[in-house]
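The values are calculated or read from the model by the stated rules, or taken from the named source; none is laboratory data. These numbers were taken from a predicted model, which means no experiment stands behind them. In this analysis, Cβ positions are derived from the backbone assuming ideal geometry, glycine residues included, and neighbour counts consider all displayed protein chains.
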Amino acid sequence: MTYYLSPATIFGPLADIRIELILAALVFFVSLPALANSFIFKTPQSLAVIGLALAVSFSMIIGMHWPGGAPAALQGFIPNAYGYFLVCLHCNSKRKLQALVLLLLFVCLFVIAHGYLDLRHVVPLSAPQPEATEDAVLDEWNSEHPYLFAMNNDAGETFYRLRGLGEINDPNDFGQLTVCVIPLLFIFWRQKKIFLNIACVILPASVLVFGVFLTHSRGALVALMAVAVVAARRRIGTIPALVLAGALFVAASALNFTGGREISADAGADRTGLWGEGLQMLKSNPLFGVGFHGFADYAGGQTAHNSIVVCAGELGLFGLYFWSLFLFPTLRDTLAAAAPEKVSEEESTTAENEPFPHSTQRIETIDKIEVNRLGRAMLLSLTGFLVAGWFLSRAYVLTLFLLGGMAEVVFEMSLRSRMIAPRLPAKRVFLYAGGLMISLLIIVYIMIRVLNLMH
């Protein structure tokens, strides 16, 4: 909550003494005993997070030639690693995963409620001063309204976009988070419990979809369509799912979902140009990049609007490899948990059969149906994050690392009950992560070439 809503919102005046750092240190020491029985050291993602922390430091020391900036950059990245470790250490049951989802839901509803009230009571813009430019008026208005972002659309008309606080103070960031939370609500779904499902899943999900609409984020809209395709594909097939997504896209366009801005290759021409600049940064600084959060310094104050490009440009191949090392096993384990054919019925286990008997007391066991339901929810949420992330510079934000931790908890639940094949050997994961890294860069390069030809 502190990360998403800002320390000032959560702690008020105590934020001035950095109370969030004090609490983080206390939580760290309280969590140390849980390490003994945790599965966290068995996951490649733990090594990936450590590698990313090193990449952030090296990008400042070597890439930017600024050793003094390394501590601040590392401090900016640590909350992401912290989120992953804490989820793996403490969210060891379905009930605790539900508590985490409720927290994320609260964050989204908090922002939506405040933003909607502001839309009803504080718009339109005040009349500009005669000497003020239009951009200056917009900037001043935006600084005074933390939950709304005013901008002009393609027709030059002013419209308002919902945004959050803290690390989600951009409408696109908040839209990405909201899209990720929508599938997670189905963790509360219960068979044949109609009224409970309406109250706990359908109604909150509808409010979140409305929140995505208020962001007017094109990336969030595309991500929402991708989630719909993946969700519907299993029940109605791929082609009907694509047709359904197309119909939803047409309906969203008719409802002015994007606030009057086009979604087309021409509309994204500036972004592909920034992608090209990102690859040039990688070419000039291949190992450690141009520095953590340093993309804008080399691109005229703009960012890449692509998580792969920004990670490659800022952290180089070293950082992109560890980012891929986090992503690959997360996707692999999520796909395994979501696939009915890869999850068997629960096998009874005894403490004598376990290599670490005490560790079995730390993770709840669940049945095959529940594993598949949780796995599908995680898969849809990761789909929303990654599709939106293709159009946003959000390679290292807390949401990805929370989802990674949740995915591993679900996988560990099924693994403890011997319902699923073990994790891949480390050597294969390291090799596949390198392949994923190369594949992502090739895809970006091909898209740049194709889109340039279309222009």
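Scan the range 418-455 residue by residue and report those that are in a helix (DSSP H, G or I), touching a helix residue (DSSP H, G or I) at 6+ places or on another chain (Cβ under 6 Å) and modelled with pLDDT under 90.
ILE448, LEU451
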When restricted to GLY289, GLY319, GLY313, GLY301, the only residue part of a loop (DSSP other than H, G, I, E, B) and either surrounded by 22 or more Cβ atoms within 10 Å (Cβ to Cβ) or charged (D, E, K, R) (or both) is GLY289
Can you tell me which residue within the range 132-186, out of those that are surrounded by fewer than 22 Cβ atoms within 10 Å (Cβ to Cβ) and hydroxyl-bearing (Ser, Thr, Tyr), is nearest to LEU400 (Cα to Cα)?
-> SER143
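For (1) out of contact with any Cys (no Cβ under 6 Å at 6 or more places or on another chain); (2) more than 21 Å from ASN306 (Cα to Cα); (3) at pLDDT 95 or above, each residue gets a yes or a no:
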position	(1), (2), (3)
PHE110	yes, yes, yes
LEU119	yes, yes, no
VAL123	yes, yes, no
TRP141	yes, yes, no
ASN153	yes, yes, no
TYR160	yes, yes, no
ILE168	yes, no, no
VAL179	yes, no, yes
LEU185	yes, yes, yes
Residue check, ALA337 against (1) small (Gly, Ala, Ser); (2) part of a helix (DSSP H, G or I); (3) modelled with pLDDT under 95; (4) touching an Asp or Glu at 6+ places or on another chain (Cβ under 9 Å), all met but one. Which one?
-> (4)
Residues within the range 25-60 that are in a helix (DSSP H, G or I) and either of a type in the set (D, E, K, R) or farther than 19 Å from TYR396 by Cα (or both), tallied | 16
Output the qualifying pairs, or none if there are none: Cβ atoms under 9 angstrom, residues six or more apart or on different chains, first residue in the range 406-423 and under 14 Å from LEU379 (Cβ atoms) and touching a residue at least 12 places away in the same chain (Cβ under 8 Å), second residue of a type in the set (Phe, Trp, Tyr) and surrounded by fewer than 23 Cβ atoms within 10 Å (Cβ to Cβ).
-> GLU408/PHE39
Tell me, yes or no, whether the range 178-201 has at least one residue that is without any contact (Cβ under 8 Å) to a residue 40 or more places away in the chain and within 22 Å of the chain's Cα centre (by Cα).
-> yes
Could you tell me whether any residue of the range 176-197 is over 22 Å from GLY375 (Cα atoms) and either in contact with a strand residue (DSSP E or B) (Cβ under 9 Å, 6 or more places away or on another chain) or small (Gly, Ala, Ser) (or both)?
-> no
Long-range neighbours under 7 Å by Cβ, at least six apart or interchain, first residue within 16 Å of ASP173 (Cα to Cα) within the range 144-157, second of a type in the set (Gly, Ala, Ser) and crowded, with 16+ Cβ neighbours inside 10 Å = TYR147/GLY115; LEU148/GLY115
Could you look through the range 187-243, keep only residues that are polar (S, T, N, Q) and surrounded by fewer than 15 Cβ atoms within 10 Å (Cβ to Cβ), and pick out the one that is nearest to HIS114 (Cα to Cα)?
-> SER206
